[in-house]
1. From the set of residues in segment 419-431 that are of a type outside the set (Val, Ile, Thr) and buried (at least 16 other Cβ atoms within 10 Å of the Cβ), which is nearest to Val326 (Cα to Cα)?
2. Quick check on Arg129: is it out of contact with any strand residue (DSSP E or B) (no Cβ under 9 Å at 6 or more places or on another chain), more than 30 Å from Ala530 (Cβ to Cβ), assigned to a helix (DSSP H, G or I) and without any contact (Cβ under 8 Å) to a residue 24 or more places away in the chain?
3. Which count do you get for residues in segment 276-295 that are at pLDDT 85 or above and more than 55 Å from the chain's Cα centre (by Cα)?
4. Considering only residues of segment 286-316 that are of a type outside the set (D, E, K, R) and in contact with a Leu (Cβ under 8 Å, 6 or more places away or on another chain), which is surrounded by the fewest Cβ atoms within 10 Å (Cβ to Cβ)?
5. Could you list, in sequence order, the residues of segment 475-489 that are open to solvent by 20 Å² or more (accessible area, probe 1.4 Å) and part of a strand (DSSP E or B)?
Amino acid sequence: MFGIDCLLAEGLSIPVVVIIVVLAAAAAFAVGYLLTRRMGASKAMQSQQEADRMLAEAREQADGLKRQAEVAAKDEVFKQREKFESETREVREEMKNLERRLEKREDNIDRKSELINKKEKFLEDQETRLVRRDGEINQKETELKQLIVNERETLNKVAGMSREEAQKLLLARLETELVHEQAALIQRVTDETKEIADAKSRDILATCIQRLAADHTSEHVVSAIDIPNDEMKGRIIGREGRNIRAFERATGIDVIVDDTPGVIVVSGFDSVRREVARLAMEKLIVDGRIHPSRIEEVVNETTKEVENVIRETGKQTILETDLRGVHPKIVELLGRLKYRTSYGQNVLDHSKEVAFLASMIAGELGVDPILAKRCGLLHDIGKAVDHEMEGGHPAIGADLAKRYEEKPLIINAIAGHHGDVPPESIYTVLVMAADAISAARPGARRETLEKYIKRLERLEGIASSFPGVDKAFAIQAGREVRVIVNSDKISDKDAAKVCRDIAKEIENELTYPGEVKVTLIRETRFQEIAH
């Protein structure tokens, strides 16, 4: 109204004013319409954006729900699978238990079947035995009836005999019965005597072995000599080897000079000559003057010294054994045994040990211990000269003892201590036993490598020859044999029998000192695979 009044005041007419008002109203309407339309478009755009946002949120929620559903489905599937596998495992374990029980039942059935078969066989054997016994009883009854008939006939004959004829017949029958009883009595007494003698002999030998303790040292046929430096080797050899040739010619012993530092070796089977060579070489090395004339001089001096040692050793041996009336030549031969070895065992120590053992055994048996000691001391006297004379040392020793007027019993003991001649007295047997004891002591004699290997191979061969044995090993230097058997072929009961049979076979087939332990191993292994 204010606008219209202003227009009228300007002097405009009413129609113009109306037109202006209409135009203004139209303009206002148009502006309002445009504003309204623009506001509607803006609201529509906002609504579209809100709808898009809500749609995006809905899609995100749908994707989240879908993922949750998938995870839940997977968890459910995993749980069902675990449940199924657990049930399946339990079913498998139950099936395995059922299989084990079935196997045990089958084993029990097999054992029962085997037991029934054994019982059936036992009953069959019993039946056969009873049938055989019935036959024997019937035969005995027949024989008895025949014997009664024969006795009646004999009585009838006796009734018609004279007194002398009846006595002769009765004595003949008694003599036949007594001969049989006498043989049985002799056999029983012999067996009892043998058992008593075996026990007594073991006690005697054990007592004597315990009473005598001896040391043993293994000896060889070579002697090593230390030298101060390798230059000495050249001096020992000499120009063009004249010194070593002179030494070997004077002593009869080989001298070995090789690349071994600080040592030379003298070698020979004559132990006395070897000892002379060893002592002479040591003197020459200390003296330093080594030439042929000096070598001969030293060897002669050393030979006299060794001969004196031999005589003194023989005299000392006679004093130790307390023997009298021994020929001086025998005394010298005993001294030579100091340098003689047999299988690495010193012969003089061995002879003294045999002498003391024989004397102790003789004392236990109640025979002359002095004579037994003399036989034992001289039993190997032939070894003092066996490299100079032909024949075995028992025969050589017997000839020497006979030459120097020893008693026939001593000569027989020397000649027969290895069984070469029959023993003529108990002293020969005593020397044989004492000699075996001394030689069999652990460490007394050295065994060659070849014999040792053969003995081990023989031990393993005997054990492996038994059926069911897979492997056999000789261990502890042949003192024990480990035997591994096949558990499928040999049961626990059979294993004990096989072990005993192997031990018996070793006893029968081999000769060895001490004892051999047989250890049998039977192992059963079971294997299962878990899937």
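The values are calculated or read from the model by the stated rules, or taken from the named source; none is laboratory data. Keep in mind that what you see is a predicted model, and the values were worked out from it rather than measured. Reconstructed Cβ throughout: ideal geometry from the backbone, glycine too, with neighbour counts over all protein chains shown. The area values use the complete protein model at the heavy-atom level, side chains included, leaving out ligands, DNA and RNA. Shrake-Rupley method; radii C 1.70, N 1.55, O 1.52, S 1.80 Å.
1. Keep residues of segment 419-431 that are of a type outside the set (Val, Ile, Thr), which gives 419-420, 422-425, 427, 430.
Now drop any that are not buried (at least 16 other Cβ atoms within 10 Å of the Cβ), which leaves 423, 425, 427, 430.
Details: Pro423: 23, Ser425: 21, Tyr427: 18, Leu430: 21 Å.
Checking each candidate, the answer is Tyr427.
2. Details: out of contact with any strand residue (DSSP E or B) (no Cβ under 9 Å at 6 or more places or on another chain): yes; more than 30 Å from Ala530 (Cβ to Cβ): yes; assigned to a helix (DSSP H, G or I): yes; without any contact (Cβ under 8 Å) to a residue 24 or more places away in the chain: yes.
Taking the combined requirement at face value, the residue satisfies it.
3. Qualifying residue count for the region: 4.
4. We begin by selecting, within segment 286-316, every residue of a type outside the set (D, E, K, R); these are 286, 288, 290-293, 295, 298-300, 302-303, 306, 308-310, 313-314, 316.
From what's left, in contact with a Leu (Cβ under 8 Å, 6 or more places away or on another chain): 290, 295, 298, 302, 306, 313-314.
Details: Ile290: 21, Ile295: 26, Val298: 22, Thr302: 22, Val306: 21, Thr313: 19, Gly314: 24.
Checked segment 286-316; the qualifying residue surrounded by the fewest Cβ atoms within 10 Å (Cβ to Cβ) is Thr313.
5. Here is the first cut: in segment 475-489, the residues open to solvent by 20 Å² or more (accessible area, probe 1.4 Å) are 475-477, 479, 482, 484, 486-489.
Those that are open to solvent by 20 Å² or more (accessible area, probe 1.4 Å) and part of a strand (DSSP E or B): Ile475, Arg482, Ile484.
Okay, residues lined up against (1) assigned to a helix (DSSP H, G or I); (2) at pLDDT below 80; (3) open to solvent by 100 Å² or more (accessible area, probe 1.4 Å); (4) at positive phi:
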| residue | (1), (2), (3), (4) |
| --- | --- |
| Leu12 | no, yes, no, no |
| Pro15 | yes, yes, no, no |
| Glu70 | yes, no, no, no |
| Phe78 | yes, no, yes, no |
